[in-house]
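The values are calculated or read from the model by the stated rules, or taken from the named source; none is laboratory data. Computed from a predicted model, the values in this text were never measured in an experiment. Here Cβ is always computed from backbone atoms with ideal geometry, including for glycine, and neighbour counts include all displayed protein chains. Each accessible area value is taken on the protein alone, full model and side chains, heavy atoms only, with ligands, DNA and RNA left out. Shrake-Rupley method; radii C 1.70, N 1.55, O 1.52, S 1.80 Å.
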Amino acid sequence: MVIKMFARLLVLSRYIMILPVVVTLIGAISLIIYQTAVMAVGIRDTVEDIAISTQAVKMFAIGVVEGIDVFLIAVAAYIISLGLYTLFIDENLERPRWLMLKDLEDLKANLVSVVIAVLAVLFLREAVAWDGSQRIVYLGVATALIIFALAFYLSKHKGSPP
């Protein structure tokens, strides 16, 4: 009797995962809304200034790339939220084929894919703002090594190169 009650408690305890699901979903939505507002203000300011120059375009491009970076982080939070929900609460939730997860390894693989994209965008931001110094070489090599390691992880996880 006690063992059955304990087993039932363990089964029901999976619903505690609703907390990280809700928090990561709120975080994703908040990032999307906030970054949308930031980009809208940036676009408005650019249009109002009507500064047509190479420097102005470069600064606007950097703002757009930074916005993309924030949106990618929001996507990662959303994937985690949806993934945790489907793994712990309701595996029958309707979702895109690419979000079909069998286990936590699949969730980690999705997250690693987004991290690779974020790292690429971070390097792109630095490349756009590049001042001609050698510093970018070190950043490029470090970023490439991290991306290579993460891609290697993905290739081992999925059984084929990403």
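Observations
- Calculated FRET value between Lys102 and Val64, using beta carbons and R₀ = 30 Å, to 0.05: 0.25
- The length gained on full extension between Ser133 and Val2, counted as 0.36 nm times the residue separation minus their Cα-Cα distance, comes to 40.3 nm.
- Dipole axis of the chain (+1 Lys, Arg; -1 Asp, Glu on Cβ), positive-most option in Phe60, Leu12, Val137: Leu12
- Distance between modelled label sites at Ile26 and Ala142, nm, 7 Å Cα→Cβ extension: 3.4 nm
- Choice from Leu122, Leu150, Leu93 showing the highest fluctuation, given a GNM over the chain with Cα pairs closer than 10 Å: Leu93
- What separates the Cα centres of segment 1-60 and segment 115-144 is a distance of 24 Å.
- All distinct Cα pairs of segment 69-136 go into the 1/r average, and the inverse of that average, the Kirkwood radius, is 13.6 Å.
- Placing +1 on the Cβ of every Lys and Arg and -1 on the Cβ of every Asp and Glu, with no other charges, gives segment 104-162 a dipole of roughly 80 debye about its Cα centre.
- With every protein chain in place, the chain: carbon and sulfur % of accessible area (1.4 Å): 73 percent
- Span-rule helices in the chain, defined as complete DSSP H runs reaching 18 Å or more along the axis (Cα) with Kyte mean at least 1.6: 54-88
- Segment 55-162, accessible area per residue, ligands and nucleic acids excluded (1.4 Å, Å²): 61 Å²
- Scanning the chain for GluC sites (Glu not before Pro) that sit in a DSSP loop and have at most 14 other Cβ atoms within 10 Å, the longest stretch containing none of them is 1-90.
- The three principal axes of the Cα atoms in the chain give end-to-end lengths of 76, 37, 26 Å, sorted in falling order.
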